[in-house]
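The structure appears below as structure tokens.
The values are calculated or read from the model by the stated rules, or taken from the named source; none is laboratory data. What you see is a predicted model; the values in this text were computed from it and never measured. Please note: Cβ atoms are built from the backbone with ideal geometry, for glycine as well, and neighbour counts cover all protein chains shown. Only protein heavy atoms, including side chains, enter the accessible area calculation; ligands, DNA and RNA are left aside. Shrake-Rupley method; radii C 1.70, N 1.55, O 1.52, S 1.80 Å.
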Amino acid sequence: MEEGRRSRSSLSSIASSQRTLSADSRSSRRNSGSETGEQHGNFTDSRTDNGNPTTSPEQKFCIYISKLEDSIDDSQTKADEYRKAIKENRGNSLTKHNKDCLQQVLRMIAETEKHMLKAGPCPIPDCSRHHSTERDVEMAEAGLYANYPLPKSPTPSPTNLTALDEFRQVPPKKAARIQIEKPNSPIKTNNRFENLMDISENLNAEDTQAKISVPDINLKLTDDYNLTIQEIARNFPATICKYQRGYIRISPHSLEDRDKIIETLDKNEKEYVLSEPPESRPIKIVIKNLPPDHSKERIVRDLEENKYKVIRINQLRNFRLKTLLPIFLVELAKTPNSNNIFQVEKINNFSVKIEHYRKKQRATMCYRCSDFYHSARNCKCKPRCIKCNGTHETRSCSIKSKIDNPVCINCNESGHLASWKGCPKYPVIKNNTPPTYAQKLKSNLPKTNNSPTTNINNPSPQIDTDSYEKFEKNMNAIRIINEAFNRFPNLIEISEKIKIAKTDLEIVSLLLKIFKH
């Protein structure tokens, strides 16, 4: 019998042996004439001579035990329902309420069982509900009758013994050897589902042993960064530091150490970027099929009525045409029902389509410090303008018109801004996805693992050997002329002067100049 799931008749059947031993004494007290037609079992009522129904004390006690058993059954049913609700709504706000109700029901079961133990067994020996041979045997095998005397089994009479049951003397050759029984050590087995036996303790263990993720701190490289790292390592020895992408990633041991490290960096006026834990990052969604001039406040109001927490909402814009698109970008906080946003079909009486925000394959650029790989929400660096390189944000710059010859603040080259993808300092994110078939055709990439096949019906035309020999001679002549020009670079200039020469002496002198060089 498992703890927490007791049989309703287990406690009432503990003293069945006492009932068995006292059955004979009870039967001897009965009178054959007065007991005729009267049955104590099966909850039947005894009747007096006038016909008025009366209930004996033994039957009242049996009914009382039955009520206690029914109460335990009802409480066990409620406990199973609360356990099921705890499994289904794990992590929900109702989990704590279900745990408290489960503990209350278990206490009620324990109190009812104490009453049953005090009451004892059913006094009616032939009660069909509380006494049955099969149930008494099961309780005895489970060890519930350890503290109570069991009825003695009838011993066979000597008349029933046969010759086969008598003792026989066996010859030594046929006799079995005496074997010393060695105590076998129990085999140790591992059950990975052992922790699921007690749900209440398992849930408490999960709450206490939940791993808390500590976000990192990314310190910007400066000339005296080594002194800052030494101070952090001296005050917080369990902190881990690692270099990554121009920053020093500081991994604190606990949330308290993280807050103290941030106070130290602010006190020393250091620039850093905070890493955001995954559980606190917002969910970005895109709402489509709304009018371009739809009010963003109405969208926020509708989402908040459905218990969604909106952090920010923006309407996407076509930068070339300078027009608003019927697409709204919404950032939602992670709540228990935040994943149900994709099942919403209507917003402000419009049929909409909600999808995940598909981010482009490009590096994130901070609008505060104009650096890469982080956003302005977690940036604690000094502001830097992308237009004039001033100590202010780009949106607060006084330059509102287009700059004819801008200067990049990252590579110091003129002609582009730091947000241009062709900048040498702009990070390139490698796309490891293989090219599609259309991209292969566009770039004329050769197909792999395709052996050339010969067409039998259309044989290739034969090459004329005479024309091939002429072509080879011409190519050799061109090769010789090319080598001559490489050897005598002034040959073309002298050949032009030979055309103008009038006498043979001039022609010879010009030819001699070729060999002089």
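Key figures for this structure:
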{"read-out": "Label-zone membership for the range 408-438, site Tyr367, 7 angstrom Cα→C-beta point, backbone N under 20 Å", "value": "409, 417-421"}
{"read-out": "With all protein chains modelled, accessible area of Lys421 [1.4 Å, Å²]", "value": "130 Å²"}
{"read-out": "Solvent-accessible surface ranking, highest first, for Lys513, Lys346, Lys174, Lys99 at 1.4 angstrom", "value": "Lys174, Lys346, Lys513, Lys99"}
{"read-out": "Summed side-chain charge close to Ile285 - residues other than Ile285 whose Cβ falls under 9 Å, Lys, Arg +1, Asp, Glu -1", "value": "-1"}
{"read-out": "Linear extension gain, Thr503 paired with Lys359, 0.36 nm per residue minus alpha-carbon span", "value": "43.7 nm"}
{"read-out": "Karplus-derived 3J(HN,Hα), 6.51/-1.76/1.60, for each residue of the range 98-111, Hz, glycine and proline x", "value": "5, 5, 5, 5, 5, 5, 5, 5, 5, 5, 5, 5, 5, 5"}
{"read-out": "In sequence order, calculated HN-Hα J values of the range 342-354 (Karplus, 6.51, -1.76, 1.60; Hz; x Gly/Pro)", "value": "6, 8, 6, 10, 9, 9, 6, 6, 10, 6, 10, 10, 10"}
{"read-out": "By accessible area with a 1.4 Å probe, ligands and nucleic acids excluded, highest first: order of Lys188, Lys309, Lys296", "value": "Lys188, Lys309, Lys296"}
{"read-out": "Difference of contour (0.36 nm per residue) and Cα-Cα distance, Lys288 to Ile481", "value": "62.4 nm"}
{"read-out": "Length gained when the stretch Glu113-Asp266 is fully extended (0.36 nm per residue, less Cα-Cα span)", "value": "48.8 nm"}
{"read-out": "Most to least accessible of Tyr247, Tyr468 (protein chains only, probe 1.4 Å)", "value": "Tyr468, Tyr247"}
{"read-out": "Distance between the range 361-429 and the range 265-301 - C-alpha centres, whole angstrom", "value": "20 Å"}
{"read-out": "Formal net charge of residues neighbouring Lys387 (Cβ-Cβ distance under 11 Å; K, R +1; D, E -1)", "value": "+3"}
{"read-out": "Heavy-atom accessible surface of the range 207-320: percent carbon and sulfur, 1.4 Å", "value": "47 percent"}
{"read-out": "The range 225-240 residues near the modelled Ser254 label - backbone nitrogen below 13 Å, point 7 Å along Cα→Cβ", "value": "236-239"}
